[in-house]
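The structure appears right after this line, and notes come after that.
All of the numbers you see were taken from the coordinates with simple rules; none came from a lab. A quick note: this is a predicted structure, and the numbers were derived from the prediction, not measured. Using ideal geometry, Cβ is built from the backbone for each residue, glycine included, and neighbour counts are taken over all protein chains shown.
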């Protein structure tokens, strides 16, 4: 048998078997880039499409070493691999991208806030608090966050009365982490500035998008953000590029932002991996965030982040309160109604509030794109009945 040409390419190890790893697989196939996956369980989203895989705990250093054996680079579907394990992999000669010195700013919100303050990046007023008295001194209302482990609204509490703060401290104590207090920002909307950066220092900035959250989960993204002042858009892109350079980020960096009612931007969160607010780029940009993440971590020239159409709308498909969602059975209606619709399903079982897919609609008219994407997502989620046809 002849040699498999893809094996002449360097091997990329991916830790985490969620939908982000799954969506890295498609551009990897086109690039001829072999992937090896560490999945947390049999049959998870990415494990369904990446045949070279191992199953186990990402906190097991011996297993991480086994997965990265022979790999030129390791990257991530999530930010939770222990920092000391990443340093150990680096010492073994594996290129960890993003590296532990960068990734810790996405793992620990207190570390992130301290570093952003050093960079003079605009942020909400914040402080690490260790007691109810310190919360009271910080001021109410406020937002309390566990410094590690939170995502999609988990580990976040809006506290308007002091008695409501106890749950945050109990959760932090159980997890062995701290509590970060932040001011409750009066914002007009949430934005996201997404950039890709390679080890060589090349960087590419995607259009700034507007995001809508529902129950702490990203629900809808509009690219580019409608009616955003061009100067503020440029400021957001420049801020994301500056943070990526200062933290030595490799791959995708998402800087989630508040646009305040008085016309400023403030950094809310950082994510150092492909991000929900960049899913629109799969069908709406010349080069998707997933391909640019792969190009970046492999130190290849980056692709263009320019939009293909004036507007792209992404809406997440979430599991409902029961098993009413259609998923595969939703295709006949959704695709017949909108032949230009792009649907991305994650191969996940339905659970209430769980992200199981998303749809992208693009075109020249924003109102039309919003209607098409919202209808399709609601149809797949089982929120619309046959009367919608």
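Assorted remarks:
- Our helix-only sum for the chain, with -39,500 (n - 2.57) per DSSP H run of n ≥ 4 divided by its residues, gives a mean residue ellipticity at 222 nm of -8500 deg cm²/dmol.
- Rg and Dmax of region 5-96, Cα atoms only, in Å: 12.1, 35
- Once the Cα gyration tensor of region 125-183 is diagonalised, semi-axes √(5λ) in Å: 16, 12, 10
- As a proxy for reagent exposure, 154, 348, 109 were ordered by neighbouring Cβ count within 10 angstrom, fewest first; the result is 154, 348, 109.
- The alpha-carbon atoms of region 187-388 define a convex hull whose volume equals 121 cubic angstrom per residue.
- Sorting 371-377, 247-253 by average packing, meaning the other beta carbons within 10 Å per residue, from highest down gives 247-253, 371-377.
- Annotation: the residues 198, 142, 281, sorted from fewest to most other C-beta atoms within 10 Å of their own C-beta, follow the order 198, 142, 281.
- Percent of beta bridges antiparallel (DSSP, the chain, rounded to nearest 5): 80 percent
- Centre-to-centre separation between the Cα atoms of region 182-198 and those of region 136-178: 20 Å.
- Short-range pairs are left out: with C-alpha atoms under 8 Å and at least six residues apart, the relative contact order of region 5-96 is 32 percent.
- The chain, relative contact order in percent, only Cα pairs under 8 angstrom and at least six apart counted: 12 percent
- Label-to-label distance, nm, for residues given as residue 132 and residue 212 (7 Å Cα→Cβ offset): 3.8 nm
- Order of 368, 227 - criterion: other Cβ atoms within 10 Å of each residue's Cβ, fewest first: 227, 368
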